[in-house]
Amino acid sequence: MHMNDQLDQTADDSLRQSMDVDIACVGFGPAMGGFLTTLARGMSDESAPLESRAMPGMPPQVICYERADDIGFGVSGVVTKARGIRATFPDFDPAQIPLTAPVKKEKVLYLLDPIGASRRPALMKMADAAIKTFKAILPYYEDYAFRLPYIPPFLEKHGGYVMSIGQFNQWVGAQLMGSGMVQIWPGTPVNKALTEDGKVVGIRLADQGVDKQGKPDACFMPGMDIKAALTVIGDGPVGPVGRQLNSELGMPEGHHQREWAVGMKMVVDLPESCTLEPGTVIHTFGYPEPEIFGFMYIYPDRVASLGIFVPSWFDNPVRTTYRYLQHWMQHPALWKHLNGGRLRSWGAKTLQEAGRRGEPLLAGDGYARIGEGSGSTNVLTGSGVDEAWTTGVQLAEGVLEILKAGKPFTRENLEAAYVARRRASWVDEESKVAERARDGFGSGFIQGMIGMALAGFTGGRIAWPGNPLRPHERIPSIEEYYRGRISPQEIEAIRADCKARGAALHDALMEKAGWPAIQLDGQLLVSHQDALLMGGKVQAPAGYADHVAFTHPEICAKCAEQTCVEVCSAQAITARAGGGVPEFDREKCVHCGGCLWNCTKANPQDPEHAVLDFRAGAGGLHSAEN
Amino acid sequence: MEKILCLLHTESDGSLHKSAFEAVGAAKDLAAGLSSQFAIGIVGESVANAANAVAGAGAEKIYAAQGADFAQPKYATDAAACEALAKAAGATIVLAPATSRFSRVLAGVTARLGGRIETNATAIAVTNGKPAVSRWYYRQRIETTLSRPQRPWVITLSPGSLPELQLAPASASVENVAVAAPASRTQVTGIQSPPADAQTIRPDAQLLFVAGAGWTKQQADGASHIDEAEKIILQFLHQTGASLGSSKSLADMSGEGQKILPFMSHLNQIGQTGASPRHPKGLATCCHGEEPHVVGWRFISERRAVNTNPGCGWAQGKTDVLYVADAFELMRKVEEMLG
Amino acid sequence: MTQPLHIVVCGSIVPDPLQTLEPVSTPAGPGLKNEMMLPAVLDPWAACGLFEAANLAKQVAGSKVYLVSLGPKAKLQQVMMTVAQKFPFELVAVDGPAGGFTEAAQVAEALAGAINAIPGLDKANMLVFGGWASASRAAGATMQMLGEKLGITDQFQGVDECKVQPDGSLRILERIEGGRHQVSICQGPPIVCGWATGNLPEPPNNPQVGMMNMRAIMPALQKAKPAQVAQDGVEWVTVQLPQQRRDTRIVKDVPIEEMAQEIVEWIKK
């Protein structure tokens, strides 16, 4: 599936242009921000001027291509210790960046189920009952939520910041472009890396002026080849170029990317009655389903960033993040702050939660990997932005060293200059602690929580044993998941009804399982389509091929779960009325990539992957507030 | 004391469009509010009929810039005429309907006069003895009322936003203002109309019919039915004489190589980057959650929508009635009954 | 024989039309909440003008396209990164507010100053393009005023087509009422065109063109001079979002005949 030649959208190369640069970069996120900021500073050092090999007489030509229509679209709100970011900007002033505030208060809430529809293990039900029994004397209980009296040190973010990565990226990007040392081109998806005998020699941009299938149409322009001595890949957890290299060049022994989560969030104008202080950080777990984690960060000017993470090990074949988000927001412990608020922005993204175990080959001849796609996200500390930034900085330091020495970008040179730096840093040290921290979740929610605590408190020496499985080995059938709650006959009736209407199953199943229908208020509780339009402002430019591809339609047509339809964060993948291969509407896709790792059908040619491919595509979210 | 001039132009047959009577009404009200007088200035090939039509309005004077040079709407000649009329009247405030003819030229005239302009105003009131103009910014998204010290102040009024002054024709005395028509390198050669059967934009229609992209999308049976959509829409327009508006996404589809409704073009587009037509009634057929989130909706008095999604945020709170139904089915039935 | 054209396109940035806007008052008058945070795009009608300019420049050998933009430097730069990939043009940047509440007369003055200062501009063969209105002010005033400042009295608004004819004259279609177009022939440049949507699709991005353009655009941005534009003495009585939430009656789960009947009666009323 990931063979290089099959990725070519068109065979017609007669019109294809080619350009030489020194360093080609894929994806502009925090990692690339760290890389380019450090590189641009090094390149502007007049005491040691560097010269381009691609364009002699000029400074090195560094170009970064970003899929989204602007830098900072479609990322997330974070709480971060900002160690790496502050090392780059020692005078970091949060007031310069909108939606940024120093962390003031941190709370972790265990949310009980006020509805009675949550699917809780017996042990948890017992704990819930005990909390309710003793709530009168428990000082930490309020509004169906139990506040943990103590935050484990590995989770604490004190001294850090809450920030909007969209705004942070815009701020970084504006400084970078202002430096004139590097170019960042938004709205330019990269189709693939160009490889020759295991070397990366550059990248190929996506074809334009093609139909949905990628065939030449009006205004056809084949994607340009950008030849570069070094290709830096920071295209994130589901980036097609990173995944292409994983497939083509292989992963290190024992490494795989099987753990993920989809994070869906909103930026909300809080009601006037809300008294939460800027810098407040609330983390939740336990509700709407035990496996779903939530967050709420308070920005200045009564704005909050909030959302949930639905992890891959929550084995519900019809898991639907948007619906769960709406139930989560309405939990009494949160709704008291949110009721009367207004949706400003909305979005979703995938997190690569395999961490160190998902680490690909970090460098090779002509290329290096940085950021979340390189396994930098730490699932134990719940931190990824600072780690990603730091890997970018480390690569830039290494690249400057190599450039100054006039050496080529070979695997050996990049390993010595970049990988060695990374291995010697806190990023790597902490990733080892986190490596097995979540294995317990494979066995169950409680085992998972214990496993995280064990790993956190023992520095990773002890963890709950487990080995993450591939989606098709893990996700049960709908009948199995709802056993004891909805009968197979009822499921069949719901399935037949939804199939006829071309509707997803999740709303019908959730309501059958006891979740109340969402009462839309048109402000904060809005329909999913409104979240796209009002919050995400989702759109896609014309002339690009569909980037979600059903590679084995015969398998999809027979698929009983069609989890891709259920999980789609934006209702871009929809059930075909009357059944069959799902449909994809490019104009609605937010590029979260959730479909990629939720497909329950193994690819016959490559069982590590599924029968749905997520390729290079343009467009997506149009909000820089996320 | 403000000197108010109401600028008008004739239609090709020498008559006045109804927006002219709206502007005259506004000038009359403004003059009354400021305890002042107003004059009328008319541009056209021959203004006698037009002048008679507004003779009863109570203007202190009617000026005219007339002659063959002013028969056709053209920047150079119209600008010269309007400039001369404003100067002849010594106007401090100029009111005019925002027709295509005046919209093309009055900002330029304002520059010549060294004044300031408010365009597409929707109301003029007098507050604290000062005229205050209501107009939109950011397309139809932010509404303001403002006043300003600079004069002359030119204000063009959005047609359809003010009541028409009802007048009986009378005999007018007209003061001709001599305007030397400037040499112009431009010749207006004619009007290009869309083919009669595609004449789907009708600014004077009672009803605006808005078609969303949903018409071209896959329907409940899993297939798209563009031919049928075309039939239903055209039939409805034919039966009701409604004007046709479309969402941007529908108008844009031509660029994407999709099969689209052939009679639909960017001229039909309403909303953010399209037109903002004014009609007494509007019926939006959103279809299958593909809501035409059109700001053009704003200037429609009575609004109804058809959508399969009752929670649709673009209909809720914006339309008076939302019919939750399949637009194909419902519109077919409507046409049957209109039959 | 047609002389090479010098096409000056005036266009700045506006908040991406999909964004939610909210007015706030600032010491300098009304503005938008989080104005600098809102994603920006090249003004859509001006962008149509720019695409048409590129198309004309391709047809008339030796022609050149300038984009004159008045806007905040930092935002302009980001928008240019997308526009610069479309086709070759030269950017003339003027640093100043791009918000809708800025006075059109002053914007026209600033643009005229910037255009007059373009070295080597052939004003006799100049086409001045822009949007017939901007998506921020939506007034349709600036281009006419600019034309007056430049002494051009062959002006056209709501233009959907501008063709160079074999004799060098220009055939122009302007939108008028009723979905019709007024057709004019102008002997040749200089003219002012305020564009409506035109007929051209958005050109695809070409990274090579982008590279070439950016080499000149970056210095132009760095050189951008601040413009003296403001809100010019306007007294704002009210600035608000339209308040028109309606009580929507939802009709569902009733037979289609009933709905149809209701609609028919309403139409006939």
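The values are calculated or read from the model by the stated rules, or taken from the named source; none is laboratory data. None of the values given here were measured: they were computed from a predicted structure. Methodologically, a virtual Cβ is constructed for each residue, glycine included, from the backbone with ideal geometry; neighbour enumeration extends over all protein chains shown. With ligands, DNA and RNA removed, areas are computed over all heavy atoms of the protein, side chains included. Shrake-Rupley method; radii C 1.70, N 1.55, O 1.52, S 1.80 Å.
Observations on the model:
- Relative contact order (percent, whole number), chain C, Cα cutoff 8 Å, 6+ residue spacing: 25
- Note on the stretch A:506-554 and the stretch B:149-209: Cα centroid distance 46 Å, given to the nearest whole angstrom.
- Lysines with Cα under 29 Å of residue B:3, excluding same-chain neighbours fewer than 8 positions away: B:18, B:28, B:61, B:74, B:87, B:130, C:149
- Distances between placed amide hydrogens fall under 5 Å for residue B:63 paired with B:40, B:41, B:42, B:175, all partners being 5 or more residues away or on another chain.
- Förster-model FRET efficiency, 25 Å R0, residue B:166 and residue B:12, C-beta, rounded to 0.05: 0.60
- Taking 0.36 nm per residue of separation and subtracting the current Cα-Cα distance, fully stretching the chain between residue A:458 and residue A:125 would add 117.1 nm.
- Local electrostatic count, residue C:6, Cβ distance below 13 Å [Lys/Arg +1, Asp/Glu -1]: 0
- Surface analysis of chain A yields an accessible area of 35 Å² per residue, using protein heavy atoms and a 1.4 Å probe.
- Couplings 3J(HN,Hα) for the stretch A:400-407, derived from phi with the Karplus relation 6.51 cos²θ - 1.76 cosθ + 1.60 (θ = phi - 60°), are 4, 4, 5, 4, 5, 7, x, 8 Hz, where x marks Gly and Pro.
- From helices alone, the protein assembly as shown scores -8000 deg cm²/dmol at 222 nm; the rule is -39500 (n - 2.57) for each run of n ≥ 4 DSSP H residues, then divide by the residue total.
- Taking all protein chains as shown and a probe of 1.4 angstrom, residue A:20 keeps an accessible surface of around 90 Å².
- Cα-based reach from residue A:192 at 14 Å (exclusive), listing aspartates and glutamates while leaving out same-chain residues under 8 positions away: A:5, A:8, A:66, A:207, A:225, A:235, A:248, A:613
- The order of the peptides A:525-535, A:459-469 by mean Cβ neighbours within 10 Å, most packed first, is A:525-535, A:459-469.
- FRET efficiency for residue B:178 and residue C:266, using Cβ-Cβ distance with R0 set to 60 Å, rounded to 0.05: 0.65
- Per residue of peptide C:147-160, the mean number of Cβ atoms on other chains within 10 Å of the residue Cβ is 5.
- Contour excess over end-to-end distance, with Cα ends at residue C:256 and residue C:60 and 0.36 nm allotted per residue: 64.7 nm
- Once you divide the Cα radius of gyration of chain A by 2.2 N^0.38 Å, the number left is 0.93.
- Per-residue Karplus couplings for the stretch C:246-251, computed as 6.51 cos²θ - 1.76 cosθ + 1.60 with θ equal to phi - 60°, are listed in order as 9, 7, 8, 8, 9, 9 Hz, Gly and Pro entered as x.
- Under 20 Å from the residue A:315 label point (7 Å along Cα→beta-carbon), backbone N, the stretch A:119-160: A:119-125
- Straight-line reach from residue C:269: taking Cα to Cα under 19 Å and skipping same-chain neighbours fewer than 8 places apart, the lysines in range are B:281, B:333.
- Per-peptide packing, taken as the mean over residues of other Cβ atoms within 10 Å, places B:228-239, C:73-84 in the sequence C:73-84, B:228-239 from highest down.
- Placing +1 on each Lys and Arg Cβ and -1 on each Asp and Glu Cβ, with no other charges, gives the stretch C:6-226 a dipole about its Cα centre of roughly 480 debye.
- Global geometry of the stretch A:557-626, whether rounded, prolate or oblate, following the gyration tensor of its Cα atoms and the 1.5 cut on a/c: oblate
- Accessible surface ranking that places the most exposed of B:202, A:120, A:53 first, with a 1.4 angstrom probe: A:53, B:202, A:120
- Gyration tensor (alpha-carbon) shape descriptor, chain B, a/c threshold 1.5: prolate
- Using a Gaussian network model of chain C in which every pair of alpha carbons under 10 angstrom is joined by a spring, one finds that among C:18, C:91, C:42 the greatest mean-square fluctuation is at C:18.
- Within 10 Å of the Cβ of each residue in A:203-214, the mean number of Cβ atoms contributed by other protein chains is 2.
- Relative to the longest principal axis of the Cα atoms of chain C, the long axis of helix C:73-83 makes an angle of roughly 90 degrees.
- Most mobile listed residue (C:122, C:253, C:154) in chain C, GNM with C-alpha springs under 10 Å: C:253
- Accessible-area order (highest first, 1.4 angstrom probe) of the listed residues A:16, A:323: A:16, A:323
- Once all protein chains are placed together, residue B:337 keeps about 60 Å² accessible to a 1.4 angstrom probe.
- Whole-number percent relative contact order across the stretch B:4-176, with pairs defined as alpha carbons under 8 Å at least 6 apart: 30
- Cys residues of chain A that find no other Cys beta carbon under 4.7 Å: A:219, A:274, A:498, A:556, A:559, A:568, A:589, A:592, A:599.
- Plainly put, the protein assembly as shown has a radius of gyration that is 0.98 times its Kirkwood radius, both from alpha-carbon atoms, as the Rg/Rh ratio.
- Degrees between helix B:75-89 axis and first principal axis of chain B (Cα, 0 to 90, nearest 10): 50
- The stretch A:473-614: C-alpha gyration tensor shape, a/c 1.5 cut-off, then a/b vs b/c: oblate
- Helix A:30-43 vs. chain A, principal-axis angle (Cα, 0 to 90°, nearest 10): 30
- Accessible surface area normalised per residue over the stretch C:6-226 is 31 Å², counting heavy atoms of protein chains with a 1.4 Å rolling probe.
- Cβ-based net charge around residue C:67, under 14 Å, with every Lys or Arg adding one and every Asp or Glu removing one: -1
- Ranked order, B:193, A:345, B:35 - accessible area, probe 1.4 Å, largest first: B:35, B:193, A:345
- In range of the label at residue A:140: residues from the stretch A:303-342 whose backbone nitrogen is under 17 Å from the point 7 Å along Cα→Cβ: A:333
- FRET efficiency for residue C:122 and residue B:223, using Cβ-Cβ distance with R0 set to 41 Å, rounded to 0.05: 0.15
- Where a label projected 7 Å from the Cα of residue A:335 along Cα→Cβ would reach, residues of the stretch A:283-302 with amide N under 14 Å: A:288
- Neighbours of residue A:159, meaning other residues whose beta-carbon lies under 14 angstrom from its beta-carbon, give a summed charge of +3 when Lys and Arg score +1 and Asp and Glu score -1.
- A simple rule links phi to the HN-Hα coupling: the Karplus curve 6.51 cos²θ - 1.76 cosθ + 1.60 with θ = phi - 60°, which for the stretch A:124-140 gives 5, 4, 5, 4, 4, 5, 5, 4, 5, 4, 9, 4, 5, 9, 8, x, 9 Hz, with x for Gly and Pro.
- Partner shielding of C:229-239 amounts to 5, given as the average count of beta-carbon atoms from other chains within 10 Å of each residue beta-carbon.
- Across chain B, Cα pairs under 8 Å and at least six residues apart give a relative contact order of 14 percent.
- Probe 1.4 Å - accessible area at residue C:169, Å² to nearest ten: 10
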